[in-house]
Amino acid sequence: MLLSEIKEGQTARILRVGGSGALRRRIFEMGIVKGTQVCVDKYAPLKDPLEIIVMGYHLSLRVEEASQVTVELIPSDDRQQTTSDNRHQPSAA
Amino acid sequence: MSPRTLTLALAGNPNSGKTTIFNNLTGAHQKVGNWSGVTVEKKEGVIHRHGYVLKIIDLPGTYSLTPFSIEEIVARNFILEEHPDVVIDIIDASNLERSLYLATQLREIDCKVLFALNMADMAQSRGIKIHTDKLSELLDVPIVFTVGNKNEGMDALLTKAIELAEKTHHIPEGRKVRYSQDIESAISRLQDFLHKGISSTLPYNDRWTAIKLIEDDKIVRDRVLILTGDSRQTVQDEIQVVRQYIMDRFDDDPEIIMTDERYGFIAGIVKETVTTSARQRVDISRNIDRVLTNRFIGFPIFVFFIWAMFQLTFTVGEIPKTWIQNGVTGLSSALELHLSDSLFKDLLLNGVIAGVGSVVVFLPNILILFFCISLFEDTGYMARTAFLMDKIMHMIGLHGKSFIPMLMGFGCNVPAIMATRTLESEKDRILTILITPFMSCSARLPIYLVIAGTFFADRAGTVIFSLYLVGIVLSIITGRMLRTTILKGLDAPFVMELPPYRVPMARSVMIHMWERSKMFLKKMGNIILIGSVIVWALSAFPRDISHSKDYARQIQQLQLKAAQDRQGSVDPASRDALEKETTASIESIKRIMKAEKIENSYMGHLGKMIAPIFSPLGIDWRGSVALLSGFVAKEIVVSTMSILYVAEGDKDSEALREALLSSGMTPLSAISMLVFVLLYLPCLATMVAIRKELRSWKWLLFSIGYSTSLAWVMAFLVFQGGKLLRLGV
């Protein structure tokens with residue numbers, strides 16, 4: 001499912017970031033990378049843009065941009081506290 | 001021996017508290033300018049500490065060093081080309097994971113890095129504990145704790161920075177990012193190739209250069225290719241081979257893979273150094289946001305804030321404005337009294353003081369406006385206005401952040417154009433600057449009041465309101481049109497951080513206002529001065545105009561007659577009345593003289609020359625001259641009109657009203673003139689601001705040409721169309 005389909009208050013895990021070029025890279029650099037958990041905090045009064053919480057900070061992006069991001073919904077009962085648990089870690093230490 | 005100078009550069013994410021730390025370190029000793037070539041603000045300050053001269057540079061706040069926006073290019077170039085002694089990376093402790101992205105990029109460049117872990121107290125209260133020793137060890141970077149808004153840790157920061165700068169051994173080879181094996185082998189392969197293939201030394205660190213080439217970084221690639229000479233093609237091929245190798249392995253662009261792996265590396269570090277207690281405290285900032293961006297009351301609150309800002313700016317600002325106005329009037333009447341008549345006096349009074357004085361009075365309004373704006377900015381509300389408005393602005397083809405500058409345009413276009421600096425995309429900036437002048441500024445209001453008040457009496461309010469609306473509609477049409485033609489391009493993404501709400505610091509608001517007013521006075525002062533002198537010269541020369549009547553003799557006769565009458569009369573009341581009458585008559589003769597003089601001045605000739613252009617709009621030569629003079633400052637249109645139209649009687653608004661009614665102007669031509677005033681070329685101060693902000697004569701000329709032709713066409717349509725429909729003729 002797409003990030004733009006996630007409802008207010010729901011949490012999801014990033015699977016794939018689509019799109020191309022600079023926008024895609026910018027989204028990556030802001031921490032929306034594969035495996036990260038994001039929580040959709042709210043939608044703006046006019047339903048666009050939306051506000052998400054990623055890596056503990058608040059980020060806004062347009063619905064159009066969010067629709068480039070494929071996610072899987074995390075049911076609210078097995079949500080994890082930290083966002084970095086399920087990530088692959090290439091030789092971190 | 002003179003003290004050693006060290007350059008310390010402050011880097012960090014936006015909203016990391018970088019500016020606060022910079023203000024704490026440098027205090028009043030700052031210099032604000034622009035980075036050469038771009039309109040990104042460059043702040044630097046020089047202080048003396050521990051026997052050193054410390055030059056502190058505030059780099060633009062960025063999330064990464066990818067040359068994506070101008071800010072990032074500026075920050076990166078400074079570190080790469082200017083070789084600061086130490087780069088201090090300000091890290092928001094409650095935002096560690098994302099902050100480390102920039103930090104790891106800094107570690108990859110060969111420079112001495114020091115971390116300032118800022119606001120760790122806040123992070124702790126949110127249940128985040130950072131094991132600094134471990135973090136410092138893992139990344140091999142010294143860390144200093146700071147609390148910017150409490151001015152804590154500043155001395156420790158400087159001491160550590162000096163210590164690091166004086167360390168002779170080179171940058172620790174410690175833990176830079178290690179990528180996955182495939183990427184590492186690609187990096188070393190390219191590194192080896194560069195070693196062998198290029199005889200001259202690379203401008204930057206080998207590993208970093210290889211990484212950037214794999215990421216297809218245009219700036220680095222061009223720098224390297226210049227050095228390659230004959231082997232240019234082989235180098236290009238090799239880069240392509242390595243990139244393709246990674247693409248084949250990972251099925252994605254190398255730059256994306258590397259970003260992903262950097263975050264993977266960071267995730268590992270965060271896992272080892274941060275413990276988050278499950279305790280979730282009430283997040284005040286989030287609760288505030290629940291109200292301020294609420295689905296139902298978010299917009300009403302927003303409108304209220306905007307309304308309050310305007311009220312403050314234009315009603316409270318009116319008070320000190322009057323003081324300055326009185327000061328200017330006082331100064332000019334003092335000079336009038338004490339200087340003997342001369343060309344110099346004329347220049348000083350009617351050129352310099354009239355011109356500069358008419359602009360300087362706006363200082364209080366501008367100060368208050370910027371006070372409000374820096375409050376919006378420092379509290380974090382500004383990002384929310386963009387969040388609220390983005391949908392609407394996006395329909396025009398603009399970014400949510402364009403809203404504030406456009407809104408400010410209703411006050412004064414000059415600060416509005418300066419406020420476009422908050423926009424990241426150059427195209428959005430150009431577009432916003434081009435349409436901002438259609439936001440009817442407060443200087444146009446006096447013209448509307450006079451003309452609409454004269455011709456439409458009790459419906460004047462509706463007419464003026466419609467004018468504002470026409471301006472908005474035309475700006476939307478212009479925006480859409482330019483967006484699909486010359487300013488085509490991808491929409492700037494709305495990937496924007498919504499920082500937590502913070503209590504603004506008085507000190508930083510003050511510094512901000514002080515900088516703005518200094519800039520305003522300096523920029524506008526010299527250009528307005530030159531412009532006013534030119535307009536004055538046009539209306540004051542040629543000096544030797546032969547008047548149609550001998551006005552000097554008329555005045556003399558009047559004075560003589562008055563003197564005789566005074567002797568004849570004994571009653572003090574009638575004597576006073578007589579005296580008043582005489583003064584009035586003399587004044588009116590002087591006015592006729594002045595009108596005739598202007599008619600015969602270069603300005604008058606110019607007016608008659610351009611009159612044919614304006615006649616299809618129903619505007620006579622006097623109106624044309626008034627409009628022409630309005631390019632210095634729009635308010636001047638009113639004063640020029642009162643000089644030109646009012647031939648006798650007092651120079652008050654009543655007289656101007658009557659003069660306009662009897663001048664042959666019809667309600668239709670009045671509307672035509674109003675539309676023209678709304679749209680035509682921006683005032684001189686705005687033009688200067690456009691030129692300065694866009695750094696281009698081309699865009700300035702475009703703005704002038706476009707707005708003036710639009711004004712002409714619209715006024716033409718109004719006048720000729722109205723005539724056809726036989727409206728108000």
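The values are calculated or read from the model by the stated rules, or taken from the named source; none is laboratory data. The structure displayed is predicted, hence computed values, not measured ones. FYI the Cβ positions are ideal-geometry reconstructions off the backbone, even for glycines, and counts take in every protein chain you see.
So here's what we get for this one:
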quantity	calculated
Hits in segment B:550-609 - residues which are in contact with a helix residue (DSSP H, G or I) (Cβ under 7 Å, 6 or more places away or on another chain), without any contact (Cβ under 8 Å) to a residue 24 or more places away in the chain and outside any helix (DSSP H, G or I)	B:569
Single residue of B:495, B:509, B:503 found to be touching a Ser or Thr at 6+ places or on another chain (Cβ under 6 Å), of a type outside the set (Phe, Trp, Tyr) and under 30 Å from residue B:126 (Cβ atoms)	B:509
Within segment B:280-309, tally of residues that are surrounded by 12 or more Cβ atoms within 10 Å (Cβ to Cβ) and either in a helix (DSSP H, G or I) or in contact with a Pro (Cβ under 6 Å, 6 or more places away or on another chain) (or both)	14
Residues that are buried (at least 18 other Cβ atoms within 10 Å of the Cβ) and not in a helix (DSSP H, G or I), drawn from segment B:245-270	B:253
Verdict on residue B:646 being modelled with pLDDT of 75 or more, buried (at least 18 other Cβ atoms within 10 Å of the Cβ) and within 18 Å of residue B:354 (Cβ to Cβ)	no
Residue count for segment B:58-71, restricted to those that are buried (at least 21 other Cβ atoms within 10 Å of the Cβ) and closer than 24 Å to residue B:146 by Cα	7
Lone qualifier among B:517, B:475 - being crowded, with 21+ Cβ neighbours inside 10 Å, under 25 Å from the mean Cα position of the chain (by Cα) and either modelled with pLDDT of 85 or more or part of a helix (DSSP H, G or I) (or both)	B:475
Residue in segment B:226-238 that is farther than 19 Å from residue A:29 by Cα, among the acidic types (Asp, Glu), surrounded by fewer than 20 Cβ atoms within 10 Å (Cβ to Cβ) and in contact (Cβ under 8 Å) with a residue 12 or more places away in the chain present	yes
Out of B:248, B:260, B:252, B:289, sole residue that is of a type in the set (Asp, Glu) and away from chain A (no Cβ under 14 Å)	B:248
Filtered residues of segment B:121-142 (kept if out of contact with any Lys or Arg (no Cβ under 9 Å at 6 or more places or on another chain) and either away from every other protein chain (no Cβ under 14 Å) or surrounded by fewer than 16 Cβ atoms within 10 Å (Cβ to Cβ) (or both))	B:124, B:129, B:131, B:132, B:133, B:134, B:136
Any hit, segment A:48-66, residues being of a type in the set (Gly, Ala, Ser), out of contact with any Lys or Arg (no Cβ under 7 Å at 6 or more places or on another chain), closer than 15 Å to residue B:266 by Cα and facing chain B (nearest Cβ under 8 Å)	yes
Boolean, residue B:136 is closer than 28 Å to residue B:259 by Cβ and in the same structural domain as residue B:51 (by TED's automatic domain parsing)	yes
Helices (runs of 4 or more DSSP H) fully within segment B:355-424 counting 3 or more residues that are more than 14 Å from chain A (Cβ to nearest Cβ)	B:363-379, B:403-408, B:413-418
Qualifying residue in segment A:39-47 (condition: in contact with a Ser or Thr (Cβ under 6 Å, 6 or more places away or on another chain), crowded, with 18+ Cβ neighbours inside 10 Å, more than 7 Å from chain B (Cβ to nearest Cβ) and part of a strand (DSSP E or B))	yes
Some residue of segment B:355-368 being more than 23 Å from the chain's Cα centre (by Cα), of a type outside the set (Gly, Ala, Ser) and farther than 30 Å from residue A:63 by Cβ	no
Residue among A:12, A:22 that alone is closer than 23 Å to residue B:265 by Cα and more than 7 Å from every other protein chain (Cβ to nearest Cβ)	A:12
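Listed here are the residues, each with its yes/no results for (1) within 11 Å of chain A (Cβ to nearest Cβ); (2) closer than 30 Å to residue B:70 by Cβ.
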| position | (1), (2) |
| --- | --- |
| B:210 | no, yes |
| B:222 | no, yes |
| B:228 | no, yes |
| B:239 | no, yes |
| B:265 | yes, yes |
| B:284 | no, no |
| B:299 | yes, no |
| B:302 | yes, yes |
